[in-house]
Amino acid sequence: MDSCLSGDAATDLRAAGHDAAWTGDWPKDPGDDEILVRAHAEGRVLVTLDKDFGEKAVVRGTPHSGIVRLTGLRSADHGRVCVAVLERYGSELVSGALVTVEPGRVRIRPREGA
């Protein structure tokens with residue numbers, strides 16, 4: 001999980017049985033490129049508020065293991081929403097989809113060539 005999300009969301013994911021890593025726990029923020037590379041190397045879905053990661057994946061073709069972007073949601077809801085998204089769209093994410101979640105709407109962009 002990107003550091004732009006609250007550590008509480010990571011706690012919620014862990015409580016639901018997910019192996020959640022939050023960049024806010026790292027000694028320093030290595031920047032978006034390194035976060036995306038590390039998430040992919042560890043086979044992790046990246047959760048963020050930033051659209052930059054989707055642009056890196058789509059425009060630059062940076063490999064990833066699925067990206068969830070939350071937008072327009074209350075921070076108190078991030079953890080609950082992440083748990084629901086992983087349960088509902090886990091297979092799409094594992095296949096490299098980009099999932100954007102906003103109030104009342106979920107958009108899924110499958111991996112190119114999928």
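Each value in this text was obtained by applying a stated rule to the coordinates, not by laboratory testing. Only a predicted model underlies this, so the values are computations on that prediction, with no experimental measurement involved. Cβ atoms come from the backbone with ideal geometry, glycine included; neighbour counts cover every protein chain shown.
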| field | Length gained when the stretch Thr100-Ala76 is fully extended (0.36 nm per residue, less Cα-Cα span) | value | 6.9 nm
| message | Positive end of the dipole of the chain, charges at C-beta (+1 Lys, Arg; -1 Asp, Glu), about the Cα centre: which of Val101, Pro63, Ala21 has its Cα farthest in that direction? | response | Val101
| query | Using modelled amide H (1.01 Å from N, peptide plane; none on Pro or chain starts), what sits under 5 Å from the amide H of Val47, excluding residues fewer than 5 places away? | reply | Asp2, Val68
| Which shape class applies to the stretch 7-109: rounded if a/c is under 1.5, otherwise prolate when a/b exceeds b/c and oblate if not, where a ≥ b ≥ c are the square roots of the Cα gyration tensor eigenvalues? | rounded
| query | For the chain, what is the calculated [θ] at 222 nm in deg cm²/dmol (nearest 500), taking -39500 (n - 2.57) for each run of four or more DSSP H residues and dividing by its residue count? | reply | -11500 deg cm²/dmol
| In the chain, what % of DSSP beta bridges are antiparallel (nearest 5)? | 40
